[in-house]
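Everything on this sheet refers to the single structure shown next.
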Amino acid sequence: MEKTVAAVGFCCADVYEKLNKFYPTGNGVDWGVHLARMGVPVSVVSVVGTDSYGEKMKEALAAEHIDISHLRTEEGDTCKMKNGTDRVHLEEIEGVMKNYALTEEEFNFVARHSMLHTDLFGKVLDKLPAWKEKGVEVVMDFSVFSEDPEYECEKLFPYVDYVFLSYDGKKDDHIKEWVKKIHSYGPKLVTATMGELGSICYDGTTLHEFGIVPTRVVNTVGAGDSFIAGFLTRRILGDGMEDALRFAATAAANTCKFHGGFGYPHPLD
């Protein structure tokens, strides 16, 4: 059966006023674009506003042959992140994301996919158990918050098949034990990316490790999302763990070569 995936929840416009550019993004959006480019059918389920950012979000995703039938438009402003020159977010303007909530029809639409991606800010976390029960594989990016008590991630781990997290520390015993502990809650794979230190992935038996693919860094936004997309694409195709991690690292390195999570900058209006 062909794999179909849905990016569910958070999306926004990353605005770089100093560079006079913005681009449509969101963890799931960037992930979905990379998967679509790798030949996987993708839907985006989220909300944009009636401003030009929302229009260009839909324009960008439609150009990638992504299903935007459930990318809802509501009166108001598209969520925006104001940035400096790299990935440091200076201000979030929530806009229509503030009160975003899935409808029953949207929930059922997502449930017809093989796999979904979301994050801590997509406002769909309460739906994870039901999607899991319906057999949808759940991919979740916990970013740097997997150990933050505010987010109570340990309540979410049992409903996630593929856990991804970022770790700012060293490749030490702590992170190795943490990915193993997360795996004990039920996920199939737990992967931690560590910037220039590479990545590790625990499958319940073996702790796999891989380094980085050197590249010329212009901007790091979206590197983690392309890593996840590359990794899962190779796993979907049946590749081994080492090959999947190598492909993921290559995808992340390529993303660092340009501004925009998938290379789609717009001049500011």
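The values are calculated or read from the model by the stated rules, or taken from the named source; none is laboratory data. Nothing here was measured: the structure is a model prediction, and the numbers come from that model. Cβ: placed from backbone, ideal geometry, glycine included. Neighbour counts: every protein chain shown. When the accessible area is computed, the model is the full protein with side chains, heavy atoms only, and any ligands, DNA or RNA have been set aside. Shrake-Rupley method; radii C 1.70, N 1.55, O 1.52, S 1.80 Å.
Side notes on the structure shown:
- With respect to the stated conditions, LYS3 fails to be outside any loop (DSSP other than H, G, I, E, B), of a type in the set (Lys, Arg) and in contact (Cβ under 8 Å) with a residue 24 or more places away in the chain.
- Residue check, LYS98 of a type in the set (Lys, Arg) and open to solvent by less than 60 Å² (accessible area, probe 1.4 Å): no
- Only one of GLU150, GLU91 that is without any contact (Cβ under 8 Å) to a residue 40 or more places away in the chain and either in contact with a His (Cβ under 8 Å, 6 or more places away or on another chain) or part of a helix (DSSP H, G or I) (or both): GLU150
- The C-beta contact set for the range 25-45 (first residue under 17 Å from ALA253 (Cα atoms), second residue at pLDDT below 85 and part of a loop (DSSP other than H, G, I, E, B), distance under 7 angstrom, 6+ apart or interchain) comprises ASP30/GLY222; ASP30/GLY261; ASP30/PHE262; VAL33/PHE262; HIS34/PHE262.
- Matching residues in the range 54-93 - criterion: being modelled with pLDDT under 95, open to solvent by 30 Å² or more (accessible area, probe 1.4 Å) and farther than 26 Å from HIS113 by Cβ: LYS82, THR85, ASP86, ARG87, VAL88, HIS89, LEU90, GLU91, GLU92, ILE93
- Members of the range 103-138 found to be closer than 16 Å to VAL47 by Cβ, of a type in the set (D, E, K, R) and not in a helix (DSSP H, G or I), listed by number: ASP119, LYS123
- Within the range 164-214, being touching a Gly at 6+ places or on another chain (Cβ under 9 Å), acidic (Asp, Glu) and surrounded by 13 or more Cβ atoms within 10 Å (Cβ to Cβ) holds for one residue alone: GLU209.
- The listed residues are VAL40, VAL15, VAL29, VAL45, and the only one of them that is assigned to a loop (DSSP other than H, G, I, E, B) and touching a Leu at 6+ places or on another chain (Cβ under 9 Å) turns out to be VAL40.
- Filter pass, ILE228 being open to solvent by less than 40 Å² (accessible area, probe 1.4 Å), at pLDDT below 95 and outside any helix (DSSP H, G or I): no
- Of the residues examined, ASN27 is not one that is over 19 Å from the mean Cα position of the chain (by Cα) and either within 27 Å of GLU104 (Cβ to Cβ) or not hydrophobic (A, V, I, L, M, F, W, C) (or both).
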